[in-house]
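Please read the structure below before turning to the comments.
The values are calculated or read from the model by the stated rules, or taken from the named source; none is laboratory data. Remember, predicted model here, so these are calculated numbers, not experimental data. Every residue, glycine as well, gets a Cβ built from its backbone with ideal geometry; the counts of neighbours run over all protein chains shown.
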Amino acid sequence: MKEWHLLLKTLSMAEASIVQGLLEENNIPVQILNKLDSSYLNFGDIEVYVPVTLKELAKGLLDKGLLN
């Protein structure tokens, strides 16, 4: 089983989806874990995970993507 690295925490599912799309376009597998409370959306986070072996590449892509 792969080990996963927490790349990003956000309160926005839209942001998590954009990051997921950016990473998947570059052949980086992504797992999203939604820990938002279903009643109170300001409690909890949405977490984006990538394989540990690809974490540096994913960080670089994320930094480059957010600067554009």
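Residue pairs whose Cβ atoms lie under 6 Å apart, sitting 6 or more positions apart in sequence or on different chains, and linking a residue in the range 6-31 that is farther than 16 Å from VAL52 by Cα to a partner that is part of a helix (DSSP H, G or I) and not aliphatic (A, V, I, L, M), are LEU22/GLY65. Scanning the range 11-24 for residues that are charged (D, E, K, R) and within 12 Å of LEU62 (Cβ to Cβ) turns up just one, GLU15. Within the range 18-68, the residues that satisfy the criterion of being of a type in the set (Val, Ile, Thr) and surrounded by 13 or more Cβ atoms within 10 Å (Cβ to Cβ) are ILE18, VAL19, ILE28, VAL30, ILE32, ILE46, VAL48, VAL50. Is it true that LEU54 is hydrophobic (A, V, I, L, M, F, W, C), in contact with a strand residue (DSSP E or B) (Cβ under 7 Å, 6 or more places away or on another chain) and at pLDDT 95 or above? So LEU54 does not fit the description; no.
Looking across the range 26-51 at every residue that is charged (D, E, K, R) and modelled with pLDDT under 95, the one that is nearest to LYS64 (Cα to Cα) is identified as ASP45.
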